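Since every read-out is calculated from the coordinates, none of them should be taken as a lab result. Everything quoted here is computed from the prediction, not taken from an experiment. Because the Cβ atoms are built from the backbone with ideal geometry, glycine has one as well, and the counts that use them run over all protein chains shown.
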Amino acid sequence: MLLNSTSLTEHRTLAETQDIAIGDFLDKAARAILPAALLRPPYGRALEQFAFSTQVIEASDGDGGIDVPDTGFPIGADFIAPHKTTYDYTPPLKRQDELAKRPTKWGWSLSPPLAESKGGEKSSRRMVYSFAGLLTSIERLVHRPDPFSLRERQDLAREVQRVAFEHLASRILLHLESSTTFTGDTVVVSGGVASNSFLRHVLRRILDVRGYERIKLCFPPIELCTDNALMIAWAAVEMYEAGHMSSLDIGPIRKWSMDPTSADGGILGADGWIKRNDEWDASASSFYGKDDSRGNAEIFIMANDR
């Protein structure tokens with residue numbers, strides 16, 4: 001989800017996925033690409049580590065299957081240890097470069113999502129995200145009858161992330177290029193996928209080469225990106241300090257929009273909110289300032305798993 005945020009409770013939805021979320025996509029891509037011996041949750045992190053590990057070795061058995069021998073290749077939990085990587089990545093200089101396929105030495109290439117025009121509509125410029133088609137392409141590749149080596153799987157893991165992350169970045173660029181009112185200077189990325197170091201690298205490189213060096217990128221510490229309890233607690237503190245409390249008789253909400261113009265009224269549209277009294281309000285200090293306003297709008301990517 002891509003949002004334009006102007007205060008704690010004021011968020012305008014710019015783009016949402018039309019099929020599956022990027023976190024779900026990366027999990028399913030990992031299950032399709034990684035050999036069983038290396039597949040451990042969290043799957044998205046395993047995909048990143050597999051893609052950029054320098055310890056990947058060629059190992060195929062006589063039937064063309066994948067064998068991972070005990071010769072120093074990290075397995076399971078050891079495989080997701082923090083690492084420092086120098087990425088061999090060339091960002092797309094123009095919009096047409098974003099939509100072009102990049103052939104690989106293996107003879108296959110991945111089509112960027114929404115690169116085609118359908119029904120007279122320019123899909124490539126629609127403010128939506130789509131990852132289902134890319135997942136289908138991956139599954140077709142790995143289930144082909146030809147042998148699929150470990151190193152080819154590693155290259156596929158890298159290419160999958162590149163295409164997916166450039167797709168994320170493309171909607172930020174479309175908004176920046178088309179908006180005449182946006183005055184913000186920050187892109188905030190949150191959720192489990194925000195822990196991906198390659199995503200951080202791709203976003204920074206693309207913004208820079210497309211003329212948006214002034215845009216700052218803000219990420220939570222990697223170890224906190226997947227801590228759902230902390231995210232909920234942080235949001236609760238923010239709302240409390242801004243003068244909002246909730247009653248004890250509220251129930252779970254299956255889908256809760258952050259946009260106040262949506263049918264459910266956004267964050268404050270849910271039943272159960274209690275406004276704190278003036279004495280408490282006077283002593284509270286919102287993270288965004290006394291008037292609960294940041295002054296400048298921010299783009300906020302919620303890179304959720306679901």
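Please give, to one decimal in nm, the separation of the simple spin-label points placed at ARG31 and PHE182, each 7 Å out from Cα toward the Cβ.
Each label point lies 7 Å from its Cα, and together they span 3.4 nm.
Past 26 Å, Cα to Cα: identify those pairs from LYS216/LYS275; LYS255/LYS275; LYS28/LYS105, in the order given.
LYS216/LYS275
Multiplying the sequence separation of TRP108 and THR86 by 0.36 nm and subtracting their Cα-Cα distance, what value in nm do you get?
Here the answer is 5.5 nm.
What is the packing order of peptides 261-268, 99-106, 162-169, 245-252, taking the mean over residues of other C-beta atoms within 10 Å and listing the highest first?
Highest to lowest by the protection proxy: 162-169, 261-268, 99-106, 245-252.
Provide the FRET efficiency to the nearest 0.05 for the SER130-ALA229 pair, computing r from the beta carbons and using R0 = 30 Å.
The formula returns an efficiency of 0.45 here.
Under 5 Å between amide hydrogens, which residues at least 5 positions from ALA15 or on another chain qualify, with H placed 1.01 Å from N in the peptide plane?
It is LEU2, by chain and number.
Taking amide H positions as placed in the peptide plane 1.01 Å from N, state which residues far from HIS244 in sequence (5 or more) or on other chains have amide H under 5 Å from it.
Close amide H contacts, sequence-distant or interchain: ARG276.
Which FRET efficiency value, to the nearest 0.05, is calculated for ARG140 and GLN96 with the Förster distance at 30 angstrom and r the Cβ-Cβ distance?
The pair ARG140/GLN96 has a calculated efficiency of 0.70.
Which ³J(HN,Hα) values in Hz, rounded to whole numbers, follow from the phi angles of the range 33-44 under the Karplus curve 6.51 cos²θ - 1.76 cosθ + 1.60, where θ = phi - 60° and Gly and Pro get x?
Rounded to whole hertz, the list is 9, 6, x, 4, 5, 9, 8, 9, x, x, 5, x.
Between GLU238 and CYS218, what is the label-to-label distance in nm when each label sits 7 Å out along the Cα-to-Cβ direction?
Once both label points are built, they end up 0.8 nm from each other.
Taking the mean number of other Cβ atoms within 10 Å as a proxy for protection, how do you rank 22-33, 206-217 from highest to lowest?
Highest to lowest by the protection proxy: 22-33, 206-217.
Restricting things to Cα coordinates, could you compute the convex hull volume per residue of the range 144-268 in Å³?
209
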